[in-house]
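Reading through the structure tokens given below for one structure.
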Amino acid sequence: MGRGLILVLSLILFIYPTYGYDPLDPNGNITIKWDIMLNNEGSQDVKVSIFNYQLFRHIDQPGWKLSWSWPGNEVIWDMSGAEATEQGDCSAIKATQPPHCCEKEPVIVDLLSGAPYNKQVANCCRGGVLTSLTQDPGKYGASFQMNIGSASYNGSEPRVPENFTLGIPGYTCGDPFKVPPSKFNVDQGRRKTQAIATWNVICSYSQFRASSSPTCCVSLSAFYNNTIVPCPKCSCGCQGQLGADHCVKYGELPPVLQLDHNEPPKPVVQCSHHMCPIQIHWHVKQSYTQYWRVKMTIRNLNYVKNYSQWNLVVLHPNLRSVTQVFSFNYKPLNQYGDTNDTGMFYGIEYYNDMLLQAGETGNVQSELLMHKDEGIFTFREGWAFPRKISFNGEDCVLPSPDDYPRLPNSSLFMSPSIFTIILFFLSFILTIFY
């Protein structure tokens, strides 16, 4: 029976490998929009847009690398806002000026900041970086334009490509499907133009496809218990294990690596029992009469990567009563209507929005003050600790609930505020009688 169930589940995963569902972002995806703007005899002017509709997962450097397969013998004659990484073999084409790209499966990358003005278009030239929809709504999209046509026109119209990929680990794209033509504002919105035809391609993310092992873990502590609960052992791999990240012992210098700006660097982490590039620590710091305080610390243990525009998503029932957040930006994620138990923390621009690589400065910290909601607040049974934490959209490994710091068994345990009140009354009584 058990083997049969495993076999069924394996078949399901094999049949449906492209879907990645995140309950904290159920509608998140990256959409590629293919707009045919002009259709001439044998050629088309096309605008391609990429929109990151994910609430907290962003595309960091080295950025997206959009690719597709031409259904016929199409070539790209000219491009603005992006460029193909390879021109390919254009020797069979007789023209005064060779095409921009003759590859059957072209790979397109965004232009870098500072590209020539005659090559720029709106929403280009960010090196392929896309912010999340929540963190910076003004920079979640990218676009470029190109003129395409057949290598030898035979009267057939160029068709929409197929087999789209983003060139980013974890993303899988579906087939293009036709949608109503896109409309565009011109003359400061007084006039609207529209594309001749528009197709969309939906790309979804799967953390399992992105990496076979997690990339972050969580440790816990509280003022009422001397125990610090560490990240679970081998959360992201074990030292010496095949496929585990290379690690450097504390005090030793990391190796000098030849970095490829076109590919993300492989992690070189500080040796630890958990082997994670990122460690988050949640500390229940203080308890007041009506409020309680938590300190969060994010440590970068990766020696070869700075995390720009990082974010932390936390699931906790008391986040609906956040009173104040120090040193971080905070936005609630109310993706299920009135259920407000999830929030996104991220750095303040030019202050701590860059999490530096491993070292003395490789950490960022914040404290948050929450109101004690009557009827649900308690320090017992691990209630004060998060149910789920993700860093840059990647789920982090939490300790087992059985290991959480527990309240002292003694009935004399009291919060600091109650203890202060009792001392005050004792002092007052002693003053009267003595």
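The values are calculated or read from the model by the stated rules, or taken from the named source; none is laboratory data. Only a predicted model underlies this, so the values are computations on that prediction, with no experimental measurement involved. Positions of Cβ are backbone-derived with ideal geometry, glycine not excepted, and every protein chain shown enters the neighbour counts. Surface accessibility is based on the protein's heavy atoms, side chains included, excluding ligands, DNA and RNA. Shrake-Rupley method; radii C 1.70, N 1.55, O 1.52, S 1.80 Å.
Counting only DSSP beta bridges with both residues in the range 187-295, what percent are antiparallel, rounded to the nearest 5?
Of all bridge pairs located within the range 187-295, approximately 40 percent are antiparallel.
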Take the alpha carbon atoms of the range 134-249, find their radius of gyration, then divide it by 2.2 N^0.38 Å using N residues; give the quotient. 1.83
The range 30-208, dipole about Cα centre (Lys/Arg Cβ +1, Asp/Glu Cβ -1), debye to the nearest 20: 620
Taking all protein chains as present, what is the carbon and sulfur share of the accessible area of the chain, in % to the nearest whole number, probe 1.4 Å? 54
List, in order, the whole-Hz ³J(HN,Hα) value for each residue of the range 172-183 obtained from phi through the Karplus relation with A = 6.51, B = -1.76, C = 1.60 and θ = phi - 60°; use x for Gly and Pro. 10, 10, x, 7, x, 9, 6, 10, x, x, 5, 10
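Under a 1.4 angstrom probe, counting protein chains only, how are ASP245, ASP373, ASP403 ranked by accessible area, largest first?
ASP403, ASP245, ASP373
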Could you pull out the pairs from LYS65/LYS295; LYS233/LYS305; LYS178/LYS388; LYS249/LYS331; LYS119/LYS178; LYS104/LYS178 whose alpha carbons sit more than 32 Å apart here? LYS65/LYS295; LYS178/LYS388; LYS249/LYS331
At a Cα cut-off below 20 Å, give the aspartates and glutamates reachable from LYS192, other chains included and same-chain residues fewer than 8 away excluded. ASP35, ASP45
If eta is 1.002 mPa s and T is 20 °C, what Stokes-Einstein diffusion coefficient results for the range 30-208, Kirkwood Rh from Cα pairs, in µm²/s? 126
What longest range of the chain stays clear of loop-exposed GluC sites (Glu not before Pro) (DSSP non-H/G/I/E/B, at most 14 other C-beta within 10 angstrom)? 87-251
Mind checking which of LYS295, LYS94, LYS65 has the largest fluctuation in a GNM of the chain, springs on alpha carbons under 10 Å? LYS94
If one compares the long axis through the Cα atoms of helix 416-433 with the longest principal axis of the Cα atoms of the chain, the angle in degrees, nearest 10, works out at 30
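Suppose R0 equals 56 Å. What FRET efficiency, 1/(1 + (r/R0)^6) with r the Cβ-Cβ distance, do TYR351 and LYS94 give to the nearest 0.05?
Numbers: r = 58 Å, r/R0 = 1.03.
FRET efficiency, TYR351 to LYS94: 0.45.
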With the dipole of the range 30-208 defined by +1 on each Lys or Arg Cβ and -1 on each Asp or Glu Cβ, the option from VAL107, GLY138, ILE76 whose Cα lies farthest towards the positive pole is GLY138
Radius of gyration and maximum dimension Dmax of the chain, Cα, Å: 27.0, 109
Springs between alpha-carbon pairs under 10 angstrom, Gaussian network model over the chain: which of PRO137, PRO264, PRO255 fluctuates most? PRO255
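So if each residue of separation counts as 0.36 nm, and I subtract the Cα-Cα distance between GLU86 and GLU360, what length gain in nm does that give?
Residue separation times 0.36 nm, minus the Cα-Cα distance, leaves 94.5 nm.
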Dipole moment magnitude, nearest 20 debye, the chain about Cα centre, only Lys, Arg, Asp, Glu C-beta charged: 840
Where q = 0.23 Å⁻¹, what log10 of I(q)/I(0) comes from the Debye formula for the range 244-361, counting one point per Cα? -1.32
Round to the nearest 10 and give me the degree value, 0 to 90, for the angle of helix 2-15's Cα axis relative to the longest principal axis of the chain. 40
Separation of the LEU112 and ASP395 label points, Cα + 7 Å toward Cβ, nm: 3.8
